[in-house]
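**Student:** So that we are looking at the same thing, I have put the structure below in structure tokens.
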Amino acid sequence: MSTNQNAELISAQTVAKHNSRESCWIIVSGKVYDVTDFMDDHPGGSKIILKYAGMDATAEYDRIHPPDALSTHLAPEKFLGLVDPKTVVKVETQMSEEDKARAQRKSSLPPLSEILNLHDFEAIARLVMHERTWAYYSSAADDEISTRENHAAYHRVWFRPRVLRDVSTVDWSTTILGQPSSMPVYISATALGKLAHPDGELNLTRAAGNHGVIQMVPTMASFTFDEIVDAAKPGQAQFLQLYVNRDRNITKKLVQHAEKRGVKGLFVTVDTPQLGRRERDMRMRFANQEPTEAPQNTPQDRERVQKAANVVNSFIDPALNWNDIPWLQSITKMPIVLKGVQSWADAFEAYDRGLAGVVLSNHGGRQLEFARSGLEMLVEVTQHFKQKRGITFPNDKFQLFVDGGVRRATDVIKAVALGATAVGLGRPFLYASAYGQPGVERAMQILHDEFEMNMRLLGARTIKDLVPELVDASSIHAHMVAVPDDRLYNANYESMQHARLREM
Ligand code: 173
């Protein structure tokens, strides 16, 4: 969107007149926008927009979005002009009681030395993150069965360690799509990192750079792509997670720009033709929606709820299909991996089309409810490749990845033993970033320490020693097997709530 410097300036007083649902203007970074039609499409709800109706929303906007979000998602004619800076009065925002209590909790964070595992970060994040942030990050589809299964699946795989193998030095470094990685772990893409911390994704980039870990940069980040790439060290490998836009030119530009900027792999998300139904997040959005007069299930009510859920459909193309793959292959030389494959048949298809690999994933349980865990898919996929194609894993030509539910190095080791090249962690690093970059670094250090000890205890000197014989996965498909209670995880898991009466 270009700004016409010669256009007449709009006074803040004029903007202030447009302060209602009927006509809603806001100021962001000196620019005036008409967001009347957009507010019901806003993924964060209309209430927050109405709170700033007729006012300068820059500080609140910057807290969450990348600078280019407005120009990407609003029609050009909704940009009305520049505000006359002489007329702007600074708005003082009032802290709510809950905000004050949260700030208080934030000032009592335990020192990082007392954070012993990734569950600890989750417990702290739940206390100090804004409740909307927590709801957005932690929620998952429908009854949240798949998201819990992701974690539980790791409990159905047990070790068959080897002894007397001289494990005085152990080494769990590896390569992912040809890029060196200090561990078989990468940072999986998660949207809107600024919700967790003002430095958002940059905390992940910088921590990854210091620990030799590869970050998958999300399409839906809260910094621009370039800001995230600029935060990397020279030579630091990054991947890009791609949502294919309805407008293929937007996607082509992003992919080619990423390749030019040195991104080493493209992870195309294929499990999100529509966003899953995350009810804890939806309930939070209701709380942040202006109440409608009559709580009827009118078409207008339904449309309002549906619109917010479907807003991503305006930029993620549900028509994406296998015939788009040759096009993707034609616009880049980067290795292409499909993220969100859930069956051996699709993994075969990806292999046959010369792709570099697949991420076996149910999107952190946020998409199709009752999609199986990545770990369970891994067992099935490797079995089929072996039986039908004589191909075994890990394999440099076609790499398998899994994500979802991983909290311990033992989880990663199980997946690697079963054929995964590496494992993605998304939420745990976001939770760690409540502490900023040092938190993310601490999370990586914890994984590092867990790897060192567990490699020794397993009798595995290098990644090559992590073979299928090291694990017993015979119960992986048994969804009703009794497993010991995971107290740390369960203490963090939040039960879902039913609807409540409106406050009288
Ligand atoms: O899981 C998600 O929340 C997600 O993938 C997404 C998709 C589009 C916009 C924001 C987040």
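**Student:** Filter the stretch 362-406 down to the residues that are of a type in the set (Asp, Glu) and either touching a helix residue (DSSP H, G or I) at 6+ places or on another chain (Cβ under 9 Å) or modelled with pLDDT of 95 or more (or both) and list them by number. Spell out the reasoning first.
**Tutor:** Filtering the stretch 362-406 for residues of a type in the set (Asp, Glu) gives 369, 376, 380, 396, 403.
Across the stretch 362-406, the qualifying residues are Glu369, Glu376, Glu380, Asp403.
**Student:** Same structure, new question: In the set Arg278, Arg206, Arg283, Arg304, which member is crowded, with 16+ Cβ neighbours inside 10 Å, at pLDDT below 95, among the basic types (Lys, Arg) and away from the ligand (no atom under 16 Å from the Cβ)? Even if it seems obvious, please write down each step before you answer.
**Tutor:** Numbers: Arg278 fails: away from the ligand (no atom under 16 Å from the Cβ); Arg206 fails: at pLDDT below 95; Arg283 fails: away from the ligand (no atom under 16 Å from the Cβ).
None of the others qualify; the one that does is Arg304.
**Student:** For the stretch 105-120, how many residues meet the condition of being part of a loop (DSSP other than H, G, I, E, B) and either surrounded by 15 or more Cβ atoms within 10 Å (Cβ to Cβ) or not aliphatic (A, V, I, L, M) (or both)? Give the steps one after another, and end with the answer.
**Tutor:** Narrowing the stretch 105-120 to residues part of a loop (DSSP other than H, G, I, E, B): 107-111, 115-117.
Now narrow it down to the ones that are either surrounded by 15 or more Cβ atoms within 10 Å (Cβ to Cβ) or not aliphatic (A, V, I, L, M) (or both): 107-111, 115, 117.
Total meeting the criteria: 7.
**Student:** Sticking with this structure for a sec: Tally up the residues in the stretch 369-412 that are assigned to a loop (DSSP other than H, G, I, E, B) and either among the basic types (Lys, Arg) or touching a strand residue (DSSP E or B) at 6+ places or on another chain (Cβ under 7 Å) (or both), please.
**Tutor:** Of the stretch 369-412, the ones assigned to a loop (DSSP other than H, G, I, E, B) are 369-373, 390-398, 404-408.
Next cut, either among the basic types (Lys, Arg) or touching a strand residue (DSSP E or B) at 6+ places or on another chain (Cβ under 7 Å) (or both) only: 369, 372, 393, 397-398, 406-408.
Matching residues across the stretch 369-412 total 8.
**Student:** Give the residue, chosen from Thr421, Thr392, that is surrounded by fewer than 24 Cβ atoms within 10 Å (Cβ to Cβ) and within 21 Å of Ile476 (Cα to Cα). Working first, answer last.
**Tutor:** Working: Thr421 fails: surrounded by fewer than 24 Cβ atoms within 10 Å (Cβ to Cβ).
Unique residue meeting the criteria: Thr392.
**Student:** Take the stretch 311-339 and flag every residue that is in a loop (DSSP other than H, G, I, E, B) and exposed (fewer than 15 other Cβ atoms within 10 Å of the Cβ). Let's see the steps before the verdict.
**Tutor:** So the first thing to find is which residues in the stretch 311-339 are in a loop (DSSP other than H, G, I, E, B), and the list is 315-321, 332-335.
Of everything in the stretch 311-339, those that are in a loop (DSSP other than H, G, I, E, B) and exposed (fewer than 15 other Cβ atoms within 10 Å of the Cβ) turn out to be Pro318, Ala319, Asn321, Lys333.
**Student:** Identify, from the list Gln236, Gln296, the residue that is in a loop (DSSP other than H, G, I, E, B), more than 12 Å from the ligand (Cβ to nearest atom) and either modelled with pLDDT under 95 or among the acidic types (Asp, Glu) (or both).
**Tutor:** Numbers: Gln236 fails: either modelled with pLDDT under 95 or among the acidic types (Asp, Glu) (or both).
That would be Gln296, the only listed residue that is in a loop (DSSP other than H, G, I, E, B), more than 12 Å from the ligand (Cβ to nearest atom) and either modelled with pLDDT under 95 or among the acidic types (Asp, Glu) (or both).
**Student:** For the stretch 125-197, list the strands (runs of 3 or more DSSP E) that sit wholly inside it and hold at least 2 residues that are more than 21 Å from the chain's Cα centre (by Cα); which are they?
**Tutor:** 174-176, 179-181
**Student:** Leu195 versus (1) of a type in the set (A, V, I, L, M); (2) modelled with pLDDT under 95; (3) under 21 Å from Val423 (Cα atoms): which is the lone unmet condition?
**Tutor:** Evaluating Leu195 over (1) of a type in the set (A, V, I, L, M); (2) modelled with pLDDT under 95; (3) under 21 Å from Val423 (Cα atoms) leaves (3) as the failure.
**Student:** Count, please, the residues in the stretch 209-222 that happen to be part of a strand (DSSP E or B), more than 13 Å from the ligand (Cβ to nearest atom) and either in contact (Cβ under 8 Å) with a residue 60 or more places away in the chain or over 15 Å from Leu242 (Cβ atoms) (or both).
**Tutor:** Going through the stretch 209-222 one residue at a time, the tally reaches 1.
**Student:** All but one of (1) within 16 Å of the ligand (Cβ to nearest atom); (2) closer than 19 Å to Gly419 by Cα hold for Gly364, so report the exception by its number.
**Tutor:** All conditions are met except number (2).
**Student:** Mind checking which residues of the stretch 169-203 are farther than 17 Å from His448 by Cα and within 16 Å of the ligand (Cβ to nearest atom)?
**Tutor:** Once the filter is applied, which keeps residues that are farther than 17 Å from His448 by Cα and within 16 Å of the ligand (Cβ to nearest atom), the stretch 169-203 yields Ser188, Ala189, Thr190, Ala191, Leu192, Gly193, Lys194, Leu195, Ala196, Gly200, Glu201.
**Student:** Specify which of the listed residues (Pro43, Pro76) is exposed (fewer than 13 other Cβ atoms within 10 Å of the Cβ) and either of a type outside the set (Ser, Thr, Tyr) or more than 29 Å from the chain's Cα centre (by Cα) (or both). So that I can check it myself, show each step before the final result.
**Tutor:** On the way: Pro43 fails: exposed (fewer than 13 other Cβ atoms within 10 Å of the Cβ).
Exactly one of Pro43, Pro76 is exposed (fewer than 13 other Cβ atoms within 10 Å of the Cβ) and either of a type outside the set (Ser, Thr, Tyr) or more than 29 Å from the chain's Cα centre (by Cα) (or both), namely Pro76.
**Student:** Considering each of Asp226, Asp271 in turn, give the residue that is among the charged types (D, E, K, R), more than 14 Å from the ligand (Cβ to nearest atom) and surrounded by fewer than 21 Cβ atoms within 10 Å (Cβ to Cβ). If you could, list the steps in order and put the result at the bottom.
**Tutor:** On the way: Asp271 fails: more than 14 Å from the ligand (Cβ to nearest atom).
Testing whether each residue is among the charged types (D, E, K, R), more than 14 Å from the ligand (Cβ to nearest atom) and surrounded by fewer than 21 Cβ atoms within 10 Å (Cβ to Cβ) leaves just Asp226.
**Student:** Being within 30 Å of Ala232 (Cα to Cα) and under 22 Å from the mean Cα position of the chain (by Cα) narrows it down to one residue among Glu494, Glu441; which is it?
**Tutor:** On the way: Glu494 fails: within 30 Å of Ala232 (Cα to Cα).
Exactly one of Glu494, Glu441 is within 30 Å of Ala232 (Cα to Cα) and under 22 Å from the mean Cα position of the chain (by Cα), namely Glu441.
**Student:** Mind checking which residues of the stretch 79-90 are in a loop (DSSP other than H, G, I, E, B) and surrounded by 15 or more Cβ atoms within 10 Å (Cβ to Cβ)?
**Tutor:** Going residue by residue through the stretch 79-90, those that are in a loop (DSSP other than H, G, I, E, B) are 84, 88-90.
If the condition is that a residue be in a loop (DSSP other than H, G, I, E, B) and surrounded by 15 or more Cβ atoms within 10 Å (Cβ to Cβ), then Asp84, Val88 are the ones that fit.
**Student:** I'd like to check something: does the stretch 49-57 contain any residue that is within 30 Å of Asp199 (Cβ to Cβ), in contact (Cβ under 8 Å) with a residue 24 or more places away in the chain, assigned to a loop (DSSP other than H, G, I, E, B) and touching a Cys at 6+ places or on another chain (Cβ under 8 Å)?
**Tutor:** We begin by selecting, within the stretch 49-57, every residue within 30 Å of Asp199 (Cβ to Cβ); these are 49-53, 55-57.
Next cut, in contact (Cβ under 8 Å) with a residue 24 or more places away in the chain only: 49-50, 52-53, 55-57.
Of the ones still in play, those that are also assigned to a loop (DSSP other than H, G, I, E, B) are 52-53, 55, 57.
Next, only the ones that are touching a Cys at 6+ places or on another chain (Cβ under 8 Å) stay: 53.
Yes, some residue in the stretch 49-57 is within 30 Å of Asp199 (Cβ to Cβ), in contact (Cβ under 8 Å) with a residue 24 or more places away in the chain, assigned to a loop (DSSP other than H, G, I, E, B) and touching a Cys at 6+ places or on another chain (Cβ under 8 Å).
The values are calculated or read from the model by the stated rules, or taken from the named source; none is laboratory data. Since the structure is predicted, the reported quantities are computational estimates derived from the model, not experimental observations. Don't worry about glycine lacking a Cβ; one is built from the backbone with ideal geometry, like all the others, and counts go over all protein chains shown.
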